[in-house]
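Before any comments, here is the structure.
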Number of protein chains: 2
Amino acid sequence: MSRATSSPNNRATRPDIAEQLAEAIFSGVYAPGDFVPKELDLCEQYSVSRSTVRSALQTLVAAGMVKRISGQGSRVRELAEWHLLDPRVSDWMARFAQPNPRIRREIFAFRVAVEPFVARLAAENATAADLLAIETAYHGMIRALETPDHLYQGVSHDDHDVAFHEAIFAATHNLLWSQISHVLKPAIALLVETSNHSADELNDSMERHRLLMEAIRLRQPEQAEAAALSVLERTGLDLGLEGLSSHLPTLRLPGVGRLEPS
Amino acid sequence: MSRATSSPNNRATRPDIAEQLAEAIFSGVYAPGDFVPKELDLCEQYSVSRSTVRSALQTLVAAGMVKRISGQGSRVRELAEWHLLDPRVSDWMARFAQPNPRIRREIFAFRVAVEPFVARLAAENATAADLLAIETAYHGMIRALETPDHLYQGVSHDDHDVAFHEAIFAATHNLLWSQISHVLKPAIALLVETSNHSADELNDSMERHRLLMEAIRLRQPEQAEAAALSVLERTGLDLGLEGLSSHLPTLRLPGVGRLEPS
DNA sequence: CACGATCCTATGTCGGACATAAACGGAGCA
DNA sequence: TGCTCCGTTTATGTCCGACATAGGATCGTG
């Protein structure tokens, strides 16, 4: 893509207007109920034509973030109306809503609910190809840790981590669960980036990942469920996100340690 | 927006082009990998300008259903890439993909996984206002059944049923779970419409709904989880969707009857 | 003060024009 | 002969200018 606008200098990076607006909304520049600038103002602000601006706004409409009222303007909708399950919104949310504790907390609560169950489904339905994908991601995490720059085959440890979780979602062989992985992917990436500090924590985290993988391989749904919870518990500890135990499914598993703090 | 149809003078019943294309895609007219007609052809076909056609196509792009390749055309993407969690796509899916048994089955499997857990969260977090909403929907279902045309306050029994489930999602007070309700709403509506046949079945269904509501009111998460499963089991029976028991979480609940068909 | 007609604003739609990306096909060269 | 390279074709991406339309705000009148 390119520029070809009236800008005399080389404006190589055309800013994604939809994304910029989304960032502004997520960061609170335009709060729910507010109006974003009208089309013509945005045209001037970004030096693009009205078509381009309208295209960007339509993206935000599709994301449920703004509502366009003919003759009045484009108003930011309430947070609850946003399509948080849209991969694009999820991506923006992960990148722009970082410091927002509420969103962060709810995403984590959601993961705590979803991933154990997904792990169970994966343990029940994983094929050889799924196991291979999971294992590849796992070994990528290990290998990356062994390198000084935490890179393996050009991919960071964190990305392998994300791929690991993604592969588990895919192993459910259910369209909707797989979709949720796309949604959660940016969120997982965000949480992964901001956790995993010390070497001890990393080792512990890797061991929990390994147990999860093994449970899926051995077709042990309940162990997989518990192991997924264990992985998340590790993440939650790293993030200092406690108090979510009320959201945890109360498992009664013989061989696996309980997680309740009480 | 919506069509005030019967405006026969000029552009009668402006058809939502995005929706029509979506219907064509869902019904298989354009299969994944195929190209939809190019913009200019669509302009002629619908007698609208290119802007309008582009707007519609962009909607489909936002839905992940088509990928536009500059200079080549707009190609239908693979089913797995569609944003099935987008409320709009979910709505189309419910209305246009009815006979598709695979999608139907996966939606139901998804519900079986999600709704019990949501019921648990609702039992833990429901406020008085949430309980009121649930109860209102429940009584709407009852009242509607008592009328000859199954309407209560102008709303059908099925719609009250949908509202019932929606209220439970909202009671989780988690943004993402509530979002899933928006996604599942059309699917629930579809399943509700095509089930609930005889009077006996309806009575049984209502009783299961009542138990679910009571469990939420009494803050009994495990009972609520089981009751939600029970409601879905009833639906599954109505639909002849068996064989999903492997997807059911194995609950060990003392006071509530087991649900396994075996 | 109430109420309706009018104006105003910003979005929705239209039509045409040129720029751009990707696949196709033919010319030139080793 | 086989390969690369470059134009052509095609359909999308962007731009511009204009008018139509939907709401809200305003103002006038009874």
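The values are calculated or read from the model by the stated rules, or taken from the named source; none is laboratory data. Nothing here was measured: the structure is a model prediction, and the numbers come from that model. Neighbour counts are summed over all protein chains in view; Cβ atoms, including those assigned to glycine, are modelled from backbone coordinates with ideal geometry.
Does B:HIS173 meet the test of being within 14 Å of another protein chain (Cβ to nearest Cβ) and at pLDDT 80 or above?
The answer is yes for B:HIS173.
For the range A:64-84, how many residues meet the condition of being in contact with an Asp or Glu (Cβ under 7 Å, 6 or more places away or on another chain), touching a residue at least 24 places away in the same chain (Cβ under 8 Å) and under 27 Å from A:SER178 (Cβ atoms)?
Final tally of qualifying residues: 1.
In the set A:PRO116, A:PRO87, A:PRO37, which member is touching a helix residue (DSSP H, G or I) at 6+ places or on another chain (Cβ under 9 Å) and farther than 25 Å from A:ILE180 by Cα?
None of the other options fit; the residue is A:PRO37.
Going by what's in this entry, would A:PRO148 be described as out of contact with any helix residue (DSSP H, G or I) (no Cβ under 9 Å at 6 or more places or on another chain), farther than 22 Å from A:LEU229 by Cα and more than 11 Å from every other protein chain (Cβ to nearest Cβ)?
Answer is yes for this residue.
Among the residues of the range A:61-75, which ones are under 23 Å from B:SER90 (Cβ atoms) and either more than 10 Å from every other protein chain (Cβ to nearest Cβ) or of a type in the set (Lys, Arg) (or both)?
A:MET65, A:VAL66, A:LYS67, A:ARG68
Quick one: which of B:GLY154, B:GLY255 is under 25 Å from A:PHE117 (Cα atoms) and modelled with pLDDT under 80?
Checking each option against the conditions leaves just B:GLY255.
Just to verify a result, which residue in the range A:28-80, among those that are among the polar types (S, T, N, Q) and more than 8 Å from DNA strand C (Cβ to nearest atom), is farthest from B:SER51 (Cα to Cα)?
The extreme case among them is A:GLN45.
Do you know which of the residues in the range A:25-63 that are within 23 Å of B:ALA63 (Cα to Cα) and in contact with a Ser or Thr (Cβ under 7 Å, 6 or more places away or on another chain) is nearest to DNA strand D (Cβ to nearest atom)?
Only one residue tops the list, namely A:GLN58.
Taking the conditions exactly as written (farther than 22 Å from A:SER181 by Cβ and modelled with pLDDT of 90 or more), does B:VAL61 satisfy them or not?
no
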